[in-house]
């Protein structure tokens, strides 16, 4: 099995009264994993220039306080100005949540810009 892109223990503050991770924290886990995904490829500045366009989350099992969450990231689509990253949020070998996030590369004015060819090669 491959190593997770990002991993951390679930903190008390991330869980609700039932001890289950609150929905919004899954996107925080994915945001951390996106930073690690880009950093591991030398794309730190790219990570700073992309903006989240949309995320779709599908839950399969709960993550609970005290669990260690492992997030696996992979780039599944690259367009002219955007890319889709799939995140698999797991506890041990159990898939808890799948997240597909579309990011758009922007310039300093906030306008979409083409993803450079060399970045595309690294992301594949």
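The values are calculated or read from the model by the stated rules, or taken from the named source; none is laboratory data. Just so it is clear, the structure is predicted and the values come from calculations on it, not from any experiment. Neighbour counts run over all protein chains shown; Cβ positions are idealised from the backbone, glycine included.
With a requirement of 3 or more residues that are in contact with a helix residue (DSSP H, G or I) (Cβ under 9 Å, 6 or more places away or on another chain) and in contact (Cβ under 8 Å) with a residue 60 or more places away in the chain, the strands (runs of 3 or more DSSP E) lying completely within the range 24-124 that satisfy it span 68-78, 94-105. You will find that of 124, 41, 77, the residue that is under 22 Å from residue 2 (Cβ atoms) and modelled with pLDDT under 95 is 124 and no other.
Only one of the numbered conditions (1) surrounded by 14 or more Cβ atoms within 10 Å (Cβ to Cβ); (2) at positive phi is violated by residue 47, and that is (2). Of all residues in the range 2-23, exactly one satisfies the criterion of being in a loop (DSSP other than H, G, I, E, B), touching a residue at least 12 places away in the same chain (Cβ under 8 Å) and out of contact with any strand residue (DSSP E or B) (no Cβ under 9 Å at 6 or more places or on another chain), namely 11.
Taken together, the residues in the range 23-44 that are exposed (fewer than 14 other Cβ atoms within 10 Å of the Cβ) and either more than 15 Å from the chain's Cα centre (by Cα) or under 14 Å from residue 87 (Cα atoms) (or both) amount to 2. Could you count how many residues in the range 50-83 are under 10 Å from the mean Cα position of the chain (by Cα) and surrounded by 18 or more Cβ atoms within 10 Å (Cβ to Cβ)? Final tally of qualifying residues: 3. Residues in the range 1-23 that are touching a helix residue (DSSP H, G or I) at 6+ places or on another chain (Cβ under 7 Å) and within 17 Å of residue 73 (Cα to Cα): 5, 6.
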